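See below for the structure under consideration.
The values are calculated or read from the model by the stated rules, or taken from the named source; none is laboratory data. If you're wondering where the values come from, they're calculated on a predicted model, not measured in any experiment. As a convention, Cβ positions derive from the backbone with ideal geometry for all residues, glycine included, and neighbour counts pool all protein chains shown.
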Amino acid sequence: MIEIEREKRFIELGDLALESGQTLQKARLCYQVVGLPNAQRDNIVLIPSYYGGSHWGSLPLLGAGSPLTRGDYCVVLTNLFGAGWSSSPSNATAGQGGADFPHITLADNVRAQRMLLDQLFGPTWQLHLVTGWSMGGMQALYWALLFPEQVQHILPFCCTARCWPHNFVFLEGVKAALQADSAWQGGRYIEAPERGLRAFGRAYAGWAYSQAFFRNEQWRELGFTSLDALLGYWEQDHLEQDANDLLCVLNTWQSADPSALPGFGSLEEALSHVSARAIIMPSSSDLYFTVEDARHEASLMPNAELRELQSDWGHCAGGPGRNPQAMAQVFAAMHDLLAS
């Protein structure tokens with residue numbers, strides 16, 4: 001079993017041209033590498049980060065029960081632009097901080113990750129697998145869209161390639177809760193908008209899990225003694241994050257639409273170009289990345305299988321390391337792809 005320590009490495013990408021036509025100045029990508037590449041550079045696994053978390057939150061995907069734990073693969077974990085460790089509103093160069101940070105898309109993130117892999121492994125390499133939860137899985141899908149020749153397998157779980165309309169509206173709701181704080185000031189706040197961040201966290205908690213999760217008090221499995229304790233945790237988690245960072249990544253999520261990529265005129269056309277073998281794994285009780293939407297997208301991919309993640313934990317079923325029963329299903333799908 002491989003030994004894993006938490007590390008933060010940074011690569012300087014220079015001024016990065018973005019899909020919006022803007023430029024991200026002195027772009028910086030935070031990452032970690034676990035394991036070594038083989039001579040052919042074809043044992044590489046990429047795990048992009050999810051909304052509200054860093055690459056450390058994905059390390060349980062390399063833990064006990066995972067086929068990645070034996071050390072046969074070189075695993076690269078990356079952080080989203082805007083999430084606080086890679087270039088973000090909270091750490092940007094002068095003139096691009098806070099509300100002046102440029103708009104970032106999923107494609108911008110994926111292209112930056114490719115630059116990282118080129119620098120790490122040279123001109124010739126293959127991604128044996130790209131996987132991730134939530135926005136991490138969205139990036140896996142975008143990898144298969146943008147660089148199909150370099151991606152063999154993808155395992156996106158609890159996500160879709162497009163931000164579907166109901167998903168978009170849910171995000172508008174939590175965004176409005178944050179921006180209603182008078183301290184927000186259009187993102188040019190002097191003091192952190194604490195009331196808005198607390199409201200954001202409480203509103204989000206109702207969407208993150210399913211009705212059955214709350215009805216059956218499954219939050220007790222997370223160590224909470226009351227529902228209010230769970231909500232307090234969500235408040236505190238969001239108080240520890242920068243408001244502009246949160247909304248920057250949220251806007252990246254909302255703008256997800258493969259049909260908007262150059263060369264594709266529709267979602268059907270875009271997803272028909274996903275040649276990688278894929279297991280698309282929505283949570284059976286996810287309230288915003290729904291099984292219905294994921295099934296529709298999987299039907300448009302020539303080599304995709306839809307495999308439901310059976311859980312009452314809603315979207316959080318896929319949270320790395322949070323629920324052993326859910327993780328066992330993710331690891332089984334990962335094993336099937338890695339072995340193929």
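Please tell me if ALA94 is surrounded by fewer than 24 Cβ atoms within 10 Å (Cβ to Cβ), aliphatic (A, V, I, L, M) and modelled with pLDDT under 95. Yes: the conditions hold for ALA94. Of the strands (runs of 3 or more DSSP E) lying entirely inside segment 1-83, those containing at least 2 residues that are within 23 Å of ASN323 (Cβ to Cβ) span 44-48, 74-78. Checked against the criterion of being under 25 Å from the mean Cα position of the chain (by Cα) and at positive phi, segment 194-217 has no qualifying residue. Does segment 21-28 include one or more residues that are of a type in the set (Val, Ile, Thr), closer than 23 Å to CYS163 by Cα and outside the structural domain of LEU171 (by TED's automatic domain parsing)? Scanning segment 21-28 turns up no residue that is of a type in the set (Val, Ile, Thr), closer than 23 Å to CYS163 by Cα and outside the structural domain of LEU171 (by TED's automatic domain parsing). You will find that of GLU292, GLU305, the residue that is part of a helix (DSSP H, G or I) and surrounded by fewer than 23 Cβ atoms within 10 Å (Cβ to Cβ) is GLU292 and no other. Only one entry of SER340, SER284, SER275 meets the criterion of being surrounded by fewer than 24 Cβ atoms within 10 Å (Cβ to Cβ) and at pLDDT below 95, and that entry is SER340.
Taking the condition crowded, with 23+ Cβ neighbours inside 10 Å, of a type outside the set (Lys, Arg) and either in contact with a Ser or Thr (Cβ under 8 Å, 6 or more places away or on another chain) or on the phi > 0 side of the Ramachandran plot (or both), does GLU297 pass? Here the answer is yes, as GLU297 does meet what is asked. Looking at ALA278, ALA270, ALA260, just one residue is small (Gly, Ala, Ser) and without any contact (Cβ under 8 Å) to a residue 12 or more places away in the chain, and that residue is ALA260. Taken over segment 178-199, the criterion of being hydrophobic (A, V, I, L, M, F, W, C) and surrounded by 13 or more Cβ atoms within 10 Å (Cβ to Cβ) is satisfied by LEU178, ALA180, ALA183, TRP184, ALA192, LEU197, ALA199. Consider GLN241 carefully, then state whether it is under 22 Å from PRO320 (Cα atoms), crowded, with 17+ Cβ neighbours inside 10 Å, assigned by TED's automatic domain parsing to the domain that holds ALA183 and modelled with pLDDT of 95 or more. Here the answer is yes, as GLN241 does meet what is asked.
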